[in-house]
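Data block below; observations after.
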Amino acid sequence: MPANKKVKDVMIALEDYPHIPHWFTLHQAMGIIREAALKSCDTFLPRSILVFDEKKRLMGILTMRNIIKGLESKFLQGSTVAEVETALTGLLDQLLTPETKELSNRPVSEVMGPVKITVNADDPLAKALAIILMEHVGMMPVMQEDNVVGMVRLSDIFQVISQAFLKA
């Protein structure tokens, strides 16, 4: 990995990454992810959405996993794979029941995950990789001063590493 690479050199800019206000519904969030995937033309598949408050401060990250869990309240009650599978089978079989439609109107703020870590845009790429590996995450928001300016993902860093390695 070239030592002079910075996080900002490989991040996805905020304007190109899905982001929504905290009051959007799960239904709206599903549409945003789908629309972003269609627009991406295979450049990247968004697996999460950044969630902001009214003052454009980052509140959380909404993943596909959060959305699915938010649509099936019984999903988390299982303690075995078979119990969870039964709950999910019910969800998939009865996807558009009145209950799941009602749950899809929940605000994303009820099911989003917290922002655990961030990295600065001017940090070395090696620092971002170290944080991702140590914290066991696949991505993290990129900050410049107190503002979110993008997202950096393990897959983006892997591209840089593999390019450098395969050219050698």
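For residue 120, the amide hydrogen comes within under 5 Å of the amide hydrogens of 143, counting only partners 5 or more places away or on other chains and with H modelled in the peptide plane. Distance between the 7 Å Cα→Cβ label points at residue 6 and residue 55: 2.7 nm. Karplus-based coupling profile of region 122-139, in residue order and whole Hz: 8, 5, x, 4, 4, 5, 4, 4, 4, 5, 4, 5, 6, 8, 6, 10, x, 6, with θ = phi - 60° in 6.51 cos²θ - 1.76 cosθ + 1.60 and x standing for Gly or Pro.
Mind listing the long-range amide H neighbours of residue 52? Cut-off is under 5 Å, sequence gap 5 or more, other chains count too, H placed in the peptide plane at 1.01 Å from N. It is 20, 22, 59, by chain and number.
Go through 6/69; 6/167; 6/55; 69/127; 8/69; 8/116 and tell me which ones have a Cα-Cα distance over 26 Å in this structure.
Beyond 26 Å: 6/69; 6/55; 69/127; 8/69.
Scanning residues 5 or more positions from residue 139 or on other chains, those with amide H under 5 Å from its amide H are 154, with H placed 1.01 Å from N in the peptide plane. Each Lys or Arg adds one and each Asp or Glu takes one away; over the other residues whose Cβ falls under 14 Å from the Cβ of residue 145, this sums to 0. Would you compute the Debye intensity of region 93-162 from its alpha-carbon atoms alone, equal scatterers and no solvent, and pass along log10 I(q)/I(0) at q = 0.13, 0.16, 0.22 Å⁻¹ to two decimals? Here log10 of I(q) over I(0) equals -0.53, -0.66, -0.91.
Values in this text are rule-based calculations from the coordinates and carry no lab data. Model, not experiment: these values are computed from the prediction. As a convention, Cβ positions derive from the backbone with ideal geometry for all residues, glycine included, and neighbour counts pool all protein chains shown.
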